[in-house]
Amino acid sequence: MRRTRGSNVPGSSQDEDGIPNAPPVPPSLADAISALVNVTVENARLLQELAQSNQNMMQGNRGRNHHRQEATYVDFTGTRPLVFTKADEPLEADDWLCTMEQKFDLIPCTEFQKPVFAAQQLRGAAGAWWANLVAMQPAGVQLTWAKFCTAFHAHYILEGVMAMKLDEFLALKQGDQTVMQFTQSTT
C-alpha cells in the first residue's frame with residue numbers, strides 16, 4: 001500500500017516519495033478566540049472557587065464574630081449587579097456607577113474590593129479600559145473605589161458634557177415654570 005500525504009507517519013517531515021510535508025496551518029482567528037474564551041471561563045471558575053473558599057472561611061468565622069467583616073464576590077453577585085459595556089450617553093455611565101454604589105451599600109465591601117468586584121461587570125471596550133487602567137498602576141498598588149470612580153468619570157463621563165446636560169435639565173419647563181420653580185411649588 002502506498003502512503004499519501006494524508007497518511008504520513010505523525011512527526012515525519014516527508015512522505016514516502018521524499019516530498020516535504022506542508023507546514024502546519026497557523027491557528028485561525030476562531031481558534032484564537034476559542035482559546036481566549038477558554039481562558040476567560042477558567043478565570044471565572046477560579047474566581048468562583050476563590051469566592052466560595054472565602055465565603056466558607058467567613059462562615060467559619062461567624063461563630064467567633066457576630067457580624068462579617070468583608071463581603072465576598074458571591075455576596076456581590078447576589079445583588080445582581082448590572083453589566084457595563086459602553087454608554088451612548090454619559091448619563092448611562094453615571095447611572096451604572098451610581099447603581100454599583102447602591103449595591104456596595106448592601107454588603108460590607110472594603111474600598112479595595114469594590115473596584116475588583118465592579119470590574120467583573122465590565123465587558124468589551126469597558127473591560128479593555130479596566131485592563132489598561134490596571135496595567136498603568138505601579139507594581140503592588142491596588143486601586144481604591146475612589147480612584148476607580150475618578151478614572152471611570154474621566155473616561156466615560158466628560159465634565160463638559162455633564163455640565164451641558166445639567167443646563168439642559170435646568171432649562172426644562174413644566175407649563176410656564178422652570179424645573180426648579182415647579183419642584184419648589186410642589187413641596
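We did not get these values from a lab; they are worked out from the coordinates using the rules stated. Everything quoted here is computed from the prediction, not taken from an experiment. Positions of Cβ are generated from backbone atoms using ideal geometry, with glycine treated the same way; all protein chains shown enter the neighbour counts.
A straight Cα-to-Cα reach below 19 Å connects residue 147 with the aspartates and glutamates 94, 95, 101, 105, 111, 159, residues fewer than 8 places away in its own chain not being considered.
At a Förster radius of 22 Å, what calculated FRET efficiency corresponds to the Cβ-Cβ distance of residue 141 and residue 70, to the nearest 0.05?
With R0 = 22 Å, the Cβ-Cβ based efficiency is 0.65.
In terms of surrounding Cβ atoms within a 10 Å radius of their Cβ, 34, 28 rank from fewest to most as 28, 34.
Once the C-beta distance of residue 101 and residue 28 is scaled by a Förster radius of 35 Å, the resulting FRET efficiency is 0.25 to the nearest 0.05.
Once the Cβ-Cβ distance of residue 80 and residue 174 is raised to the sixth power relative to R0 = 35 Å, the FRET efficiency obtained is 0.50.
Length, then width, then depth: along the principal axes, the Cα atoms of the stretch 35-156 run 47, 35, 30 Å. Taking 0.36 nm per residue of sequence separation and removing the Cα-Cα distance, the residue 131/residue 53 pair yields an extension gain of 25.6 nm. Computed 3J(HN,Hα) for the stretch 120-130, one whole-Hz value per residue from the Karplus formula 6.51 cos²θ - 1.76 cosθ + 1.60 where θ = phi - 60°, is 5, 9, 8, 10, x, 4, 5, x, 5, 4, 4, glycine and proline marked x.
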